[in-house]
Amino acid sequence: TTDGPPPLSWNRARDLRAVKRWLGVTSADADPATEIRCATTKRAIAVGYARVLLGDHGPYLELSRASVRWEHMRKVPAGEARFYDEWRVVGGDDDDDDDDGDG
């Protein structure tokens with residue numbers, strides 16, 4: 001038997017380093033106290049996270065609804081073919097602070 005999880009592949013280790021550097025995450029394990037900030041605007045987007053998922057398409061943060069700072073987020077208008085909701089930080093480069101979908 002082995003003790004602990006297997007070592008991370010080079011790309012997943014790289015992704016975890018990036019999440020730690022840009023979002024302030026301390027480890028891949030849950031941390032209810034870490035404040036997660038947008039790398040571009042520095043606005044708080046969540047306080048606490050459930051875990052960091054290191055997948056084939058990059059890293060993902062798993063957040064609870066209660067941990068998200070919704071007042072700093074806006075929902076991106078989507079077409080009918082989209083099967084997920086996309087949220088962005090208010091005040092980001094592509095945000096013109098309205099909901100008409102043009103920015």
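Filter the stretch 1-27 down to the residues that are of a type outside the set (D, E, K, R) and either in contact with a helix residue (DSSP H, G or I) (Cβ under 6 Å, 6 or more places away or on another chain) or closer than 20 Å to ARG43 by Cα (or both), then identify the one that is surrounded by the fewest Cβ atoms within 10 Å (Cβ to Cβ).
As a first pass, look at the stretch 1-27 and keep what is of a type outside the set (D, E, K, R): 1-2, 4-11, 13, 16, 18-19, 22-27.
Going one step further and asking which of them are either in contact with a helix residue (DSSP H, G or I) (Cβ under 6 Å, 6 or more places away or on another chain) or closer than 20 Å to ARG43 by Cα (or both), we end up with 18-19, 22-26.
Values: ALA18: 14, VAL19: 23, TRP22: 14, LEU23: 19, GLY24: 14, VAL25: 20, THR26: 12.
Among residues in the stretch 1-27 that are of a type outside the set (D, E, K, R) and either in contact with a helix residue (DSSP H, G or I) (Cβ under 6 Å, 6 or more places away or on another chain) or closer than 20 Å to ARG43 by Cα (or both), the one surrounded by the fewest Cβ atoms within 10 Å (Cβ to Cβ) is THR26.
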Task: strands (runs of 3 or more DSSP E) contained in the stretch 2-103 and holding at least 1 residues modelled with pLDDT under 90 and on the phi > 0 side of the Ramachandran plot - done: 58-62
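Looking at this structure, is ILE36 in contact with a His (Cβ under 8 Å, 6 or more places away or on another chain) and surrounded by 16 or more Cβ atoms within 10 Å (Cβ to Cβ)?
On the way: in contact with a His (Cβ under 8 Å, 6 or more places away or on another chain): no; surrounded by 16 or more Cβ atoms within 10 Å (Cβ to Cβ): yes.
No; evaluated as a whole, the condition is false for this residue.
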- [ ] State whether the residues of the stretch 53-74 include one that is touching a residue at least 40 places away in the same chain (Cβ under 8 Å) and of a type in the set (Gly, Ala, Ser).
- [x] yes
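Tally the residues that are more than 14 Å from ARG88 (Cβ to Cβ) and either among the hydrophobic types (A, V, I, L, M, F, W, C) or exposed (fewer than 14 other Cβ atoms within 10 Å of the Cβ) (or both), restricting the search to the stretch 39-59.
First, pick out the residues of the stretch 39-59 that are more than 14 Å from ARG88 (Cβ to Cβ): 42, 44, 47-59.
Now drop any that are not either among the hydrophobic types (A, V, I, L, M, F, W, C) or exposed (fewer than 14 other Cβ atoms within 10 Å of the Cβ) (or both), which leaves 42, 44, 47, 50, 52-58.
Matching residues across the stretch 39-59 total 11.
The values are calculated or read from the model by the stated rules, or taken from the named source; none is laboratory data. Since this is a predicted model, take the numbers as computed values, not measurements. For neighbour counting, all protein chains shown are included, and Cβ atoms are generated from backbone atoms with ideal geometry for every residue, glycine included.
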